[in-house]
Ligand SMILES: CC(C)(COP(=O)(O)OP(=O)(O)OC[C@H]1O[C@@H](n2cnc3c(N)ncnc32)[C@H](O)[C@@H]1OP(=O)(O)O)[C@@H](O)C(=O)NCCC(=O)NCCS
């Protein structure tokens, strides 16, 4: 089917109010420093959800903004695709909880689990379901409450992650706007480099998991770093090729916000100068599935994405998974 078929008609964002600065980790008992974190990651602070803030509440807030901007009400949604690595419950999906919260009674709703690439995977799945005639109007959400699954005693991961939600409404394309190309891949051989060993059906949560803390995120940071750079570079090339464009045609690169050094390496490979790269990792840390939609919303709100902008979205995450899209606004 001819592209662009679907466009992003409205984008919304929600971040918890509480901001945790790098300087606060010492008081939490972690041997780290603002200097180390800023130098190695570019992160200065992140938003952390309170006990009453859930993926459902944050996603509903982000979705309501996206729907208002798109001029769509909940009853018009045919589809809700939600990406998360930290679902509110293991059963049922967080997507159906948002469906109920929004009152989107006509929608089919389900979660996607592709870690930090989930929101881009979600856009690709939603576009495909629209192309095949299964949906006219879709809501695609990326949300995380990673503070609930991070080991606050592990300095190598605790300093990296944050909470938040981002959402977009997809409608049938008009005026040549929308998704120009997509690319997504995964490699399950590398699953052990970034995972949670316990808490699922293979190793259910029990006293042993509680004692050895194996239900929290575990990561081989250096290895993940190498693969992230390689895969995001590959993903940029593929989406650009698919749209028959080069880095010079891109008005703004919005990469997954994991680490400023990964972002810089990705931009360099794609031939896109840092002035054309959106960065907010300093203020949010790595919000996994929520990272790209939150960055996109900020880029739009600050006027860096306007009518006619050509934007390259790219992400990488546990699995490993990686994905990219070129989108015209
Ligand atoms: C995690 C990461 C920031 C670590 O940076 P790095 O430069 O690779 O650091 P290293 O792993 O080589 O560790 C260097 C030292 O810092 C220490 N260290 C780790 N975390 C620390 C922290 N928060 N504060 C201070 N020291 C820390 C390590 O223990 C190590 O000490 P050692 O040399 O005595 O063993 C980096 O590897 C990274 O960003 N990886 C990708 C992570 C990611 O993006 N994951 C999500 C993908 S979607």
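Laid out as a table, the results:
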read-out	value
Residues of segment 1-24 that turn out to be surrounded by fewer than 20 Cβ atoms within 10 Å (Cβ to Cβ) and touching a helix residue (DSSP H, G or I) at 6+ places or on another chain (Cβ under 7 Å), as a count	3
Neighbours by Cβ (under 8 Å, 6+ apart or cross-chain): first from segment 106-125, in the same structural domain as residue 83 (by TED's automatic domain parsing) and over 11 Å from residue 316 (Cα atoms); second within 12 Å of the ligand (Cβ to nearest atom) and in a loop (DSSP other than H, G, I, E, B)	113/85
Set 53, 68: member being in the same structural domain as residue 101 (by TED's automatic domain parsing), touching a strand residue (DSSP E or B) at 6+ places or on another chain (Cβ under 8 Å), touching a residue at least 24 places away in the same chain (Cβ under 8 Å) and more than 30 Å from residue 179 (Cβ to Cβ)	53
Selection count, segment 198-229, where residues are surrounded by 16 or more Cβ atoms within 10 Å (Cβ to Cβ) and either out of contact with any helix residue (DSSP H, G or I) (no Cβ under 7 Å at 6 or more places or on another chain) or over 19 Å from residue 161 (Cα atoms) (or both)	6
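The values are calculated or read from the model by the stated rules, or taken from the named source; none is laboratory data. This is a predicted model, so every value here is computed, not measured. Heads up, the Cβs are rebuilt from the backbone with ideal geometry, glycines too, and the neighbour counts pull from every protein chain shown.
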